[in-house]
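The values are calculated or read from the model by the stated rules, or taken from the named source; none is laboratory data. Remember, it's a predicted structure, so these values are computed and weren't measured experimentally. Methodologically, a virtual Cβ is constructed for each residue, glycine included, from the backbone with ideal geometry; neighbour enumeration extends over all protein chains shown.
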Amino acid sequence: MMARVAADYFLRPMVAADVAGVERLTDEAFLDLDVRTRRPGRPAPSGRDRAAAAAWRDRAAHVLEGDPRGCWVAEDGSGLLGAVLSMRRDLTWLVATYAVRPPVQGRGVGRQLLGAALEHGSGSLRAMVAASDDPVAARRYRLAGFTLHPTMLLRGVVARAALPVVERVRDGSAGDLDLMDSVDRQVRGAAHGADHELLLRSLRLVVTDRPTGSGYAYVAPGGGPYLLAATSRRTAADLLWECLAASSPDTPVEVRHVSAANEWAVDVAMACRLEVWTEGYLGLRGMKPPTPYLHCGFFL
Ligand SMILES: CC(C)(COP(=O)(O)OP(=O)(O)OC[C@H]1O[C@@H](n2cnc3c(N)ncnc32)[C@H](O)[C@@H]1OP(=O)(O)O)[C@@H](O)C(=O)NCCC(=O)NCCS
């Protein structure tokens, strides 16, 4: 199953032994991108620390195990050049990550990789990707039929005096898996399924389950939301406040991947004096931007 794509490199399906190498090459590519696109006021790019790299490898191995046909690498005699990881959840195709090593970008490797992954998505009604600020990625995704919705990054030290008392949110557990899948289907058209089991092992989960609205959020390390979904804006705002309250009083927190459809999150950010920046795109096919919903970069 090896496809020759040029004189000096090959595409092949990714295997478990590639996970560590793919972690390193994606870290290299995204660090290079962060340096190229860094804007005033943003922290210096640093790449993943050991804990983040280990968490990334766990997530990549999970996607590969469930969707081996959605995961491809490019390599030549020197080693891995690039990779794409994608998965199907219900009738939605999702791109988890996509990168080519900086020294070989612009040689057509990325086009070949995305083309191979697109086969895995054929037959899906919908598709989602959290696209970076890289104009080359935007070109590749648009040419693959994605509509690019610009997204915001809300960032800063939370004004503690603005934090409301949130009474409707409780800590979640594996007992909430059905609730979360049901909210996911309602809001983004596809459940996360086994992704929730993986996320539950590494992140704190908070849940609201009331007649007036249900939802959940995973709290990012250091506070802020990693992934948030709800059936009403009021519930979503409660969950976001809970995630923001988990930040430390003097360290900036980030709320990423906010599409214009999620103005409720911008209003929360205004109330606690976070800054609004633009960062990347939500690339969608066959669907509108989900709301109330704050996707995560990897599992969407
Ligand atoms: C996005 C990425 C995976 C693409 O891989 P690649 O091997 O560099 O891409 P390709 O060489 O196949 O394609 C590059 C395309 O961009 C075009 N291009 C080059 N420079 C460009 C620029 N500054 N602006 C817009 N397009 C540009 C090329 O002409 C080519 O288009 P074409 O094939 O239609 O002629 C790779 O650049 C990368 O790793 N970027 C950093 C990480 C990232 O942002 N990943 C996406 C995460 S969502």
* Structure fact -> Cβ pairs under 8 Å, 6+ apart or interchain, first in region 138-152 and within 17 Å of residue 120 (Cα to Cα) and touching a residue at least 60 places away in the same chain (Cβ under 8 Å), second near the ligand (Cβ under 10 Å from one of its atoms) and assigned to a strand (DSSP E or B), ordered by first then second residue, are 141/129; 141/131; 141/281; 141/283; 146/129; 146/131; 146/283
* Filter pass, residue 27 being of a type in the set (D, E, K, R), in contact (Cβ under 8 Å) with a residue 24 or more places away in the chain and either surrounded by 16 or more Cβ atoms within 10 Å (Cβ to Cβ) or farther than 23 Å from residue 137 by Cβ (or both) -> yes
* Residue ID - surrounded by the fewest Cβ atoms within 10 Å (Cβ to Cβ), chosen from residues in region 185-212 that are out of contact with any Phe, Trp or Tyr (no Cβ under 9 Å at 6 or more places or on another chain) and within 29 Å of residue 278 (Cβ to Cβ) -> 186
* **Options 117, 127, 96: the member that is assigned to a helix (DSSP H, G or I), touching a Ser or Thr at 6+ places or on another chain (Cβ under 8 Å) and more than 8 Å from the ligand (Cβ to nearest atom)** => 117
* Matching strands (runs of 3 or more DSSP E) fully within region 204-300 where at least 3 residues are touching a Cys at 6+ places or on another chain (Cβ under 9 Å) -> 213-219, 225-230, 253-259
* To do: Identify, by number, the condition in (1) within 13 Å of the ligand (Cβ to nearest atom); (2) closer than 18 Å to residue 18 by Cα; (3) not in a strand (DSSP E or B) that residue 111 doesn't meet.
  => (2)
* Structure fact -> Inside region 57-93, the number of residues satisfying the requirement of being surrounded by fewer than 19 Cβ atoms within 10 Å (Cβ to Cβ) and assigned to a helix (DSSP H, G or I) is 7
* Failed item, numbered, when residue 84 is tested on (1) more than 11 Å from the ligand (Cβ to nearest atom); (2) under 16 Å from residue 28 (Cα atoms) -> (1)
* Structure fact -> Exactly one of 236, 271 is over 15 Å from residue 154 (Cα atoms) and either at pLDDT below 95 or of a type outside the set (S, T, N, Q) (or both), and that one is 236
